[in-house]
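See below for the structure under consideration.
The values are calculated or read from the model by the stated rules, or taken from the named source; none is laboratory data. In this text, all values refer to a predicted model and were calculated from it rather than measured experimentally. All Cβ positions, even for glycine, are placed from backbone atoms using ideal geometry, and neighbour counts span all protein chains on display. The protein model used for the area step is the full one, side chains on, heavy atoms only, and it has no ligands, DNA or RNA in it. Shrake-Rupley method; radii C 1.70, N 1.55, O 1.52, S 1.80 Å.
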Amino acid sequence: PQQVRVLSINNSLIYYNDQDAVFNDIAQQMGTDAQWTKRTLLGKPLSAHWSEGDGLAEDGTPGAKMMVRSQPWSHIILQEQSSLPRTDAETFRNNVKQWVDYIRDYCPNPNAVIILPVNWAYSGDWENYTTFNKTFVANYLDVAREMGVTLCPVGVAYQDVYDREGADGALTWFQDDRHPTLKATYMAAAMEYGLIYGIDPATITGTPAGMTDDEAIAMRGY
């Protein structure tokens, strides 16, 4: 679409470093009409967003369901809690399904592209890191194939840096045991932008504040 309007129903994995704002900055640098809006519940799974109800949340802001209904979003990102897609595949599946069904029934654009960013294993658990990331990918693929949604393979890049640079390199992507540093957030935002626009993220231009040109180039490469 000429106008890209993204809604993310998310937790801290997107909230940290404001991945939505980083994406919007990329769009501005690239001269495209794109805007990402987020609805965040820190530390919560998709089911917590569901339980907020149909209208305003307890804090007086629009809940996720209300936001889905608010405009004809071109893309809706469903960000699951960090470990749940690996540790409880059935709950993950059910959480995604109820949101997919709701979006199809109630979003003013019933053809909104639904995107699931693939999560990644925690830092420090290096003995299980590759195995856990393989489980993430397998479980996300199962859900995507069943429900006809799109994957943004963020977790694959986390595995890629581990394969290339080891734990020392991978650690530079972690602010703590699970949350991204700014450069990892930028990598994910560039990946989402490339996915939405069908371009190689390596062709994105510009460097966000707080990063060097070399870091930005490397992240777009991943």
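Could you list all residues from segment 192-214 that are open to solvent by less than 70 Å² (accessible area, probe 1.4 Å) and not small (G, A, S)?
If the condition is that a residue be open to solvent by less than 70 Å² (accessible area, probe 1.4 Å) and not small (G, A, S), then E192, Y193, L195, I196, Y197, I199, P201, I204, T207, P208, M211 are the ones that fit.
Out of all the residues in segment 66-92, which are part of a loop (DSSP other than H, G, I, E, B), out of contact with any Phe, Trp or Tyr (no Cβ under 7 Å at 6 or more places or on another chain) and open to solvent by less than 50 Å² (accessible area, probe 1.4 Å)? Lay out the reasoning, then the answer.
Restricting attention to segment 66-92, the residues satisfying the condition of being part of a loop (DSSP other than H, G, I, E, B) are 71-74, 79-83, 88.
Cutting the leftovers down to out of contact with any Phe, Trp or Tyr (no Cβ under 7 Å at 6 or more places or on another chain) gives us 71-74, 79, 81-83, 88.
Result: W73, S74, Q79, Q81, S82, S83.
Just to be sure, is P117 at negative phi and touching a Pro at 6+ places or on another chain (Cβ under 6 Å)?
Criteria not met by P117.
Does E127 satisfy the criteria of being assigned to a loop (DSSP other than H, G, I, E, B), over 26 Å from M67 (Cα atoms) and of a type outside the set (V, I, T)?
yes
What number of residues within segment 32-65 satisfy the criterion of being without any contact (Cβ under 8 Å) to a residue 24 or more places away in the chain, open to solvent by less than 70 Å² (accessible area, probe 1.4 Å) and not in a strand (DSSP E or B)?
7
Given the conditions (1) open to solvent by less than 40 Å² (accessible area, probe 1.4 Å); (2) under 19 Å from Y197 (Cα atoms); (3) more than 16 Å from the chain's Cα centre (by Cα), which single one is not true for D25?
(1)
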